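A short worksheet on the structure shown next.
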């Protein structure tokens, strides 16, 4: 299996994270990728550096105004008097939640502070001087993985950091800026008529859902912690099934807090049935490890070995598969989680 990662993804190093009204230690640290690279080494896999694709792939699923905002955010922030160490929103606009609208209009505010609140949707997406480069490289890593599949590889792994599945077409949230899984899925559509995405991150993949919510050619499935009292709170419910032409092509499988490996596998059995009925030609696995019992911001109780079963389930579909790294913040657990997943996924390949 080929894997992809660009070392400049480690440049993004957030300094601030707020939880329950307190500043707490940052969760998305560059150390995460070091541990995941260590897991790849256990399997004899050395990540390849992706090509410099630029913003073209991202623009296939994101608005030009949003991508331009991310690209110039630090430059504009640095011009503000008495600016802080990172771009951080202080205003949040109301959004109607209209599923028939693929995106919002471009930000009406001309002032940069207004734009920050429009394009960065919460306090977990700070941007420092090197963030854009890491964000771009992560999207290029996902693109390189998709291109490996397009070239004939049966499986590839994209070690993306920052993660992407919370990024909507025109807004970043939840540690996510550009939606790497969605960019990859859209890339795969260049050859495959039907692409399925299965997201096993503990948080609902709300950005991925929004990007494809009105489309019948990309099936989006998310297995995650019940959002009734867990982020992202406002999406991820079972009654969200798609809109218009996309009706029936979105499936949410929320798990009760404290659920473990058995519940995850049962949900994946449902997901796999739906993928087969859909007739997918290729699969994107949005792979988060924050469902592990020791994750500092998770609510599920999987062990590392359970991710081996997740890998086996994904392999059982027999599809060309791109694995895109999403969350996972238990630094002492994620290496074993990826090791276990790869062992399960590669056991019959």
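Of the peptides 183-195, 159-171, the ranking by mean beta-carbon count within 10 Å, highest at the top, reads 159-171, 183-195. The simple Förster model, with R0 at 25 Å and r as the Cβ-Cβ distance, assigns residue 24 and residue 332 a FRET efficiency of 0.90.
I'd like the distance separating the alpha-carbon centroids of the stretch 109-141 and the stretch 315-344, in whole Å. Their Cα centres are 27 Å away from one another. Take 205-211, 14-20, 231-237 and order them by the average number of nearby Cβ atoms within 10 Å per residue, most first; the result is 205-211, 231-237, 14-20. Computed over the alpha-carbon pairs of the stretch 8-141, the distance histogram in 5 Å steps reads 2, 9, 15, 19, 18, 16, 11, 6, 3, 1, 0 percent, short to long. Given axes a ≥ b ≥ c from the Cα gyration tensor, I'd like to know whether the stretch 206-314 is rounded (a/c under 1.5), prolate (a/b larger than b/c) or oblate. Oblate shape, in that a/c is at least 1.5 and b/c is the bigger or equal ratio.
Take 130-137, 240-247 and order them by the average number of nearby Cβ atoms within 10 Å per residue, most first; the result is 130-137, 240-247.
One equal scatterer on each Cα of the chain, no solvent, Debye formula: the resulting log10 I(q)/I(0) at q = 0.06, 0.07, 0.08, 0.10 Å⁻¹ is -0.18, -0.25, -0.33, -0.52. Compactness ratio for the stretch 131-272: Cα radius of gyration over 2.2 N^0.38 Å (N = residue count) comes to 1.02.
Each value in this text was obtained by applying a stated rule to the coordinates, not by laboratory testing. All values derive from a computational prediction rather than experimental measurement. All Cβ positions, even for glycine, are placed from backbone atoms using ideal geometry, and neighbour counts span all protein chains on display.
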